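Working notes, beginning with the structure itself.
Every number in this text was worked out from the coordinates using simple rules, so none of it is lab data. Predicted model, so just to flag it, every value in this text is computed and none were measured. No Cβ is skipped: glycine too gets one built from the backbone with ideal geometry, and neighbour counts run over all protein chains shown.
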Amino acid sequence: MKRILLFAFIGAVAISCSKNSSVKYIVTGVSAGGFNVTYKISGETKTANAVNSGWSQSFNAESDDQVYLKALANGTNAQVTVEIQVDGSSFKKASGSGNQASATVEGTID
């Protein structure tokens, strides 16, 4: 009986140690036709098409969650920057420029 209680306690501690973080995806840049965005939330791939510069998506993630953000400019001579912020601080950031410029960032939440 004591072993069962010990394992139950250890399991409860392990679950409570999972950190919850605030995540924000951000796309900025210059593109006549906006940006096509692909991103992941809780392992699910989502898309947003022809979004304007300043597009963002916020959500909560747990430790070890995978994060992914890609933006493709719909135009020539474009510039795009994608950024993932975790708990208000920059976690990953990338930029691209040119015809149909793209930028991608990904990582694992600590």
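Of the residues 21, 63, 31, the one with the fewest other Cβ atoms within 10 Å heads the list, and the complete ranking is 63, 21, 31. By the count of neighbouring beta-carbon atoms within 10 Å, fewest first, 84, 109 end up ordered 109, 84. Amide hydrogen proximity for residue 92: with H placed 1.01 Å from N in the peptide plane, the residues at 5 or more positions away or on another chain lying under 5 Å are 84. Apply 1/(1 + (r/R0)^6) to the Cβ-Cβ distance of residue 95 and residue 42, taking R0 = 35 Å, and write down the FRET efficiency to the nearest 0.05. Efficiency, rounded to the nearest 0.05: 0.85.
In straight-distance terms, cross-link reach from residue 24 covers every one of the lysines whose alpha-carbon lies under 23 Å from its own, apart from those fewer than eight places away in the same chain; here that gives 40, 46, 70, 92, 93. Placing unit charges on each Cβ (+1 for Lys and Arg, -1 for Asp and Glu) gives the stretch 19-108 a dipole about its Cα centre, and among 42, 96, 68 the Cα reaching farthest toward its positive end belongs to 96. Taking a sphere under 12 Å around the Cβ of residue 47 and counting the other residues whose Cβ falls inside, with K and R at +1 and D and E at -1, yields a net charge of +2.
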